[in-house]
Structure formats: structure tokens, C-alpha cells
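The values are calculated or read from the model by the stated rules, or taken from the named source; none is laboratory data. This is a predicted model, so every value here is computed, not measured. Virtual Cβ from ideal backbone geometry, glycine too; neighbours counted across all protein chains shown. The accessibility values were calculated without ligands, DNA or RNA, using every heavy atom of the protein model including side chains. Shrake-Rupley method; radii C 1.70, N 1.55, O 1.52, S 1.80 Å.
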Amino acid sequence: MSEKEVDVVGFDLDNTLYTLTEEMQSWIRQRVCVVTSERLRRDSGEVQREFEERYKELQSARRSLMALGLPEDESIDIVQRCLEEEEIVGFIKRDEQLAALIGKLRKEYGLFLITGSNEKLTGEKLRRLGVEKEVFSVMVCANTQYRREDGSAFHYVSAALQVPHQRMLFVGDREAVDILPAARLGIKTAIVNGRSAHATYNLSTLYDLEGILLARR
């Protein structure tokens, strides 16, 4: 970015500020299968075998649940609920490079966070990462009326920080949930741990933001 084109930078939390490791993904898939077997009233072992077969092909817990017959909104809800379980915090490691990046960005940009985790769990995840939640001027957590999918979370942040959408950048890992809703509002976007033709930036790692936002060419 040759000159400062944005005033505030926002982040998703799960699989954005930290990457879901294979160990974490395996634990989440197991929990997803337990919850799904209860929902479908089917044997948990049978559900897990079928789910893992679908997952090998689709590489997406949401799409795998949909292949098992669950509607998309319920599939998203089940995966998010498992991401919100407190046990997931134990997998998160301190990230000094992330903490340093957030510290540098804070000096030049307003920061905000939009996450599907509840406020308490969000604080715990950030603490484990070594990032103070106070660095974010606005945090939109679960159990609010604001959502990324319908754009209401971005409208709320824009109003709270008094910054137009065109001066915002949002970083996330999912095209459908993070990138497209923001892009439709004119918000610049960056995707990490994924690819999107609709994103302003495709990042190899989150740390690439330093070269984009802090380098002066």
C-alpha cells in the first residue's frame, strides 16, 4: 500500500489471529461429531466414520455436515459452537510475532475485532496469544444482534468508530463469512489461511500485513 488508504483494521479471531493446527482441527471434528450424533439421534461412531469420509473429500466441517443432511445455517452453528468450547483455549500458544504486529498496527490504525466467540472466551484466547483485548477499540462478540453475514457488524463498527466503509480493512479466513459481506460494502479485505478472488489481498501469513500496511514505498 503506497499510501495510507485505510484508517481502521479489523480481524476475525479463530483461524485468523491464530491458525487452527491439525491437533485442534482433529479435536474440533470429534466434538462436531458428538454434537451431530445427538442432533441426528444416530450412533456417534457411525456419524464420525461418515463425517470423516466426507471431510477427506471436502476439507470443510461445514460442508461435511451439509453432506450428512444438515442445513447450512445449522452446520455453521454446530462448528461455531465447538470452536467456542473452553477446551479449545488450551491449544492456543503465545505468539510474540503477532503481539508485536498488533502493537505496531495500533500506533497507526484503529483496531477492531469481530468474532463468533463469546466475550469471556474471546478474552481468554487473546490472553493466550499474548494480545491485550484493550488494543481493540471495538469488539463484536457472539450473542449480539450484529453479524458479518448480513453486514450489520460492519455497519456497527463503522458507526462506532465514525469511519466510512471505504476506509476500513477486514482480515478473515472465510470467503463467504468474512470477505464477501465486507467487500459488498466497499471494505477492503485480506484473507489468510485461504484464498479468494474477491479479497483485496491474499496473505501467505497474517504477518504479511506489516509489509502492506506499515511499509512506505
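Does region 16-23 contain at least one residue that is open to solvent by less than 70 Å² (accessible area, probe 1.4 Å), part of a helix (DSSP H, G or I) and without any contact (Cβ under 8 Å) to a residue 40 or more places away in the chain?
Here is the first cut: in region 16-23, the residues open to solvent by less than 70 Å² (accessible area, probe 1.4 Å) are 16-18, 20-21.
Right, trim to part of a helix (DSSP H, G or I) and you get none.
No, because not a single residue in region 16-23 is open to solvent by less than 70 Å² (accessible area, probe 1.4 Å), part of a helix (DSSP H, G or I) and without any contact (Cβ under 8 Å) to a residue 40 or more places away in the chain.
Considering region 61-94, the residues that are acidic (Asp, Glu) and more than 17 Å from the chain's Cα centre (by Cα) include one that is modelled with the highest pLDDT, namely GLU74.
Against the condition among the aliphatic types (A, V, I, L, M) and within 22 Å of VAL140 (Cα to Cα), how does VAL6 come out, does it pass? Taking the combined requirement at face value, the residue satisfies it.
Among the residues of region 103-124 satisfying the criterion of being over 16 Å from the mean Cα position of the chain (by Cα) and free of Cβ contacts under 8 Å to residues at least 40 places away in the same chain, which is least open to solvent (accessible area, probe 1.4 Å)? The selected residue is GLY103.
Whenever a residue of region 128-140 is at positive phi, its partners that are surrounded by fewer than 16 Cβ atoms within 10 Å (Cβ to Cβ) and among the basic types (Lys, Arg), lying with C-beta atoms within less than 6 angstrom and at least six residues away or across chains, give the pairs GLY130/ARG94. Among residues of region 125-150 being surrounded by fewer than 16 Cβ atoms within 10 Å (Cβ to Cβ) and of a type in the set (D, E, K, R), the one that is farthest from THR189 (Cα to Cα) is ARG127.
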